[in-house]
Each structure stands twice: as structure tokens, then as C-alpha cells.
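Heads up, the thing below is written out as C-alpha cells.
The values are calculated or read from the model by the stated rules, or taken from the named source; none is laboratory data. In this text the structure is predicted, and so the values were computed from the model without any measurement. Positions of Cβ are backbone-derived with ideal geometry, glycine not excepted, and every protein chain shown enters the neighbour counts. Only protein heavy atoms, including side chains, enter the accessible area calculation; ligands, DNA and RNA are left aside. Shrake-Rupley method; radii C 1.70, N 1.55, O 1.52, S 1.80 Å.
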Amino acid sequence: MELVLDLVGCDPDTIRSKERLVAYPGELCRVIDMTPYGEPFVERFGLAGTKTAGFSLVQLIETSSITGHFSEASNRAYINVFSCKDFDPAIATEFTRRFFTARSARHTLLIRE
């Protein structure tokens, strides 16, 4: 399963906080019953352009990964949850929307065989 999330109107302080972004995958893993593998990698990139500046996140999980990119210019978040283990996409979407205090969250679910 791969859940693709596009969040609009995120809390600017949250998407600019390395500490909050480091906390997110661990909290999501607890909610969807996944096991993180190691610590999350969170770094700020794209500083040369105002449209591209923001943090990126990678968290390996025992069944694949959680990745995210956070746009400071538009207060948007782009998150992917990829796992060979099933999880409830509605729960993951709602948790993520609330975590980032997003005005809206659009999701796409891909099932890979």
C-alpha cells in the first residue's frame, strides 16, 4: 500500500520545526501500528529558491518507509506512507491532517501487487 497525502494550509510553525517533524513519524507509526527502523532523517533543503525551501523527512519502517516534503512558501506538506503491511488510510490521513493542523488533506491510495 502507498498512501499519498497532499496537505494544504498547514501550521507554519509545525512544518518549520525540525523537532516536530522528527516526532511525526514515530507518532504516526504508533497510530497505524508500524515499527520505525532507526531514527528519522530530517533536513532543510532548497534554500536557494523561495518556492523550494523547506524540510524533507525520511523514516524507514520495518515494512518500507514514510517520506515527506514541506513547503514553507505555500504551507503545504507532501507525505507518502509506503508499506507491505496493511494499515487504515483514513486513520493515517486524519492523524496527519490534525498533526499539521492542515486546512485540508487530499489522499490517494495505491495498491501494488
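With each label point set 7 Å from Cα along the Cα-Cβ vector, what nm distance links Phe45 and Tyr78?
1.0 nm
So between Ala23 and Asp11, what do we pick up on full extension, going 0.36 nm a residue minus the alpha carbon distance? Mind dumping the intermediate values first?
Details: separation 12, 0.36 × 12 = 4.32 nm, distance 1.52 nm.
Full-extension gain reported as 2.8 nm.
Cα atoms only, the chain: Rg and Dmax in Å?
Here Rg and the maximum Cα pair distance are 13.2, 39 Å.
Dimensions of region 51-113 along principal axes (Cα, Å, largest first)?
Over region 51-113, Cα extents along the principal axes are 36, 21, 18 Å.
Rounding to the nearest 10 and keeping the result within 0 to 90°, find how far the Cα-based axis of helix 89-99 lies from the longest principal axis of the chain.
Helix 89-99 sits at roughly 30 degrees to that axis.
Per residue, how large is the accessible surface of the chain? Use a 1.4 angstrom probe and give square angstrom.
Values: 6290 Å² over 113 residues.
Each residue of the chain exposes 56 Å² on average to a 1.4 Å probe.
Helix-only mean residue ellipticity at 222 nm, the chain, DSSP H runs n ≥ 4 weighted -39,500 (n - 2.57), per residue, nearest 500. What is it?
Computed ellipticity for the chain at 222 nm equals -8000 deg cm²/dmol.
From zero outward in steps of 10 Å, how is the percent of C-alpha pairs of region 1-54 spread across the bins?
18, 47, 30, 5
Select from region 1-103 those trypsin sites (Lys or Arg not before Pro) which occupy a DSSP coil region and have at most 14 other Cβ atoms within 10 Å, ordered by residue number.
On the way: sites: Arg16, Lys18, Arg20, Arg30, Arg44, Lys51, Arg76, Lys85, Arg97, Arg98, Arg103; in loops: Arg16, Lys51, Lys85, Arg103.
In loop regions of region 1-103 (DSSP not H, G, I, E or B), the sparsely surrounded trypsin sites (Lys or Arg not before Pro) are Lys51, Lys85, Arg103.
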